[in-house]
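All remarks here apply to the structure that follows.
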Amino acid sequence: MNSLDPRIKRLHLKADETDAVHTNSHLVTWEVFHQDKRGKQHAHVGAVHASSPELALVMAKEVFGRRGKTTNLWVVKTSDVFTFQTEDEDMFETTPEKTFRDPADYKVRDRIERFQKQQLQSN
């Protein structure tokens, strides 16, 4: 049976494989990462449900690739994404305070205003 769905036709499946796509009720959730410009990082944009990675890419293109400029898409099974548990959040705390990395600690604006005031007073 040939599918009328253009997303299925793009996979170039044989007739017996097309039937499997339609009758497969076990869909997997895939996380989608989008790259809008070559060289930029991929960003998570959402999820799709599909029975295979190829179909997940086609679905991701249809859902997320048409909204704006797209250079590349990645799909990853949601079950393959590993995260830290919320109980482990203390591992992200830094031991020494590194306030020198915070731009708020550098009061450059105060120095600029002081310099401008001195320039006005000297003129």
- [ ] Determine if region 19-28 includes at least one residue that is open to solvent by less than 50 Å² (accessible area, probe 1.4 Å), within 13 Å of K77 (Cα to Cα) and modelled with pLDDT under 95.
- [x] yes
- [ ] Name, by its number, the condition in (1) under 19 Å from V48 (Cα atoms); (2) at pLDDT 85 or above; (3) loosely packed, with under 10 Cβ neighbours inside 10 Å that does not hold for F64.
- [x] (3)
Open item on the list: When the residues of region 30-45 are narrowed to those that are closer than 11 Å to T78 by Cα and within 9 Å of the chain's Cα centre (by Cα), which ends up most open to solvent (accessible area, probe 1.4 Å)?
Closed with: E31
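Residue-by-condition table, conditions (1) under 22 Å from F33 (Cα atoms); (2) among the basic types (K, R); (3) at pLDDT 90 or above:
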| site | (1), (2), (3) |
| --- | --- |
| A50 | yes, no, yes |
| V58 | yes, no, yes |
| K77 | yes, yes, yes |
| F82 | yes, no, no |
| D88 | no, no, no |
| R109 | no, yes, no |
| R114 | no, yes, no |
| S122 | no, no, no |
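The values are calculated or read from the model by the stated rules, or taken from the named source; none is laboratory data. No experiment lies behind these values; they were computed from the predicted model shown. All Cβ positions, glycine included, derive from the backbone under ideal geometry; neighbour counts span all protein chains shown. When the accessible area is computed, the model is the full protein with side chains, heavy atoms only, and any ligands, DNA or RNA have been set aside. Shrake-Rupley method; radii C 1.70, N 1.55, O 1.52, S 1.80 Å.
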